[in-house]
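See below for the structure under consideration.
The values are calculated or read from the model by the stated rules, or taken from the named source; none is laboratory data. It should be emphasised that the depicted structure is a prediction, and the values quoted were computed from it without experimental measurement. Cβ coordinates were reconstructed from backbone atoms using ideal geometry, including for glycine residues, and neighbour counts include every protein chain displayed. We work out accessible area using only protein heavy atoms, side chains counted, and drop any ligands, DNA or RNA first. Shrake-Rupley method; radii C 1.70, N 1.55, O 1.52, S 1.80 Å.
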Amino acid sequence: HGHAVISMAFSPDGRKLASIDQYGELRIWSAPKWDSLVLRPVTSRRINFQKIAFLSQDVLAASFPSTTDAADFRVALYDLSRPQIVTQILTTVHSDGVSALASSGRDQVWASADVTGNIYIWSGLPAPRSRHLRKGRTAQSFAFTPSGQLVVAATTLKNENVSGWESGLEIWDV
């Protein structure tokens, strides 16, 4: 990468590493030599709200900005099992950047959130469906329980009354 890396994720077997930098360059690094392949080239715009997560051994989710509206972000799925990597753009639009993205590691369930406080739970591959959980505090990160049944979001909210930030944990049964 020629710019600061802002998100990384290992595949479940640890033989692939995905990385994305602040200008959107998305790379896959493969063991044992850790050679890299560029999946998405550098964009002209610096964006620090880009996240990645492996949803399965060969499916990578990565957020990216819209080319037509600076406030719209989407999640793309990359199928790494094929010689020509297939990209699927999901229809749900995130606002002002994707703040968190994580996989449960089980049953193809994963979560995404945006800067404006929307949280979505996704299920199914190759055609995932989203469920809007809520809009409120911004999720900074997610953690799933080992069973994949619960997801916890670490959240923040700007509090103008105390000139600072409020933080919390929110838990859902997914």
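Whole number in Å², please: accessible area per residue of the chain, 1.4 Å probe, ligands, DNA and RNA not counted. Display every interim value, and only then the final one.
Numbers: 8970 Å² over 174 residues.
Result: 52 Å² of accessible area for each residue.
Heavy atoms of the protein only, probe of 1.4 Å, neighbouring chains included. What is the accessible area of Arg134 in Å², nearest 10?
The value for Arg134 is about 40 Å².
Multiplying the sequence separation of Val42 and Ser95 by 0.36 nm and subtracting their Cα-Cα distance, what value in nm do you get?
17.0 nm
Grab the other residues whose beta carbon is less than 15 angstrom from that of Lys33, score K and R as +1, D and E as -1, and report the net.
Here the count lands on +2.
Just to be sure I follow the rule: in the chain, considering lysines 8 or more places apart or on different chains, how many pairs have Cα atoms under 24 Å apart?
Values: Lys16/Lys33; Lys16/Lys51; Lys51/Lys135; Lys51/Lys158; Lys135/Lys158.
Lysine pairs satisfying the spacing and distance rule in the chain number 5.
In debye, nearest 20: dipole of segment 41-174 around its Cα centre with unit charges on the Cβ of K, R (+) and D, E (-)?
120
Based only on Cα atoms, what mean projected area does the convex hull of the chain have, in nm²?
Projected over every direction and averaged, the Cα hull of the chain covers 10.7 nm².
Report the net charge of residues surrounding Ala111, where surrounding means a beta-carbon distance below 15 angstrom and charges are Lys +1, Arg +1, Asp -1, Glu -1.
+3
Picking from Leu55, Trp34, Thr145, whose Cα lies most toward the positive end of the charge dipole for the chain (charges on Cβ: Lys, Arg +1; Asp, Glu -1)?
Trp34
I need two numbers for segment 1-104: Rg to one decimal and Dmax as a whole number, Cα atoms only, in Å.
That works out to 12.9, 40 Å for Rg and Dmax.
Rounded if a/c is under 1.5, else prolate if a/b beats b/c, else oblate: with a ≥ b ≥ c from the C-alpha gyration tensor eigenvalues square-rooted, which is segment 72-123?
Cα axes put segment 72-123 in the oblate bin.
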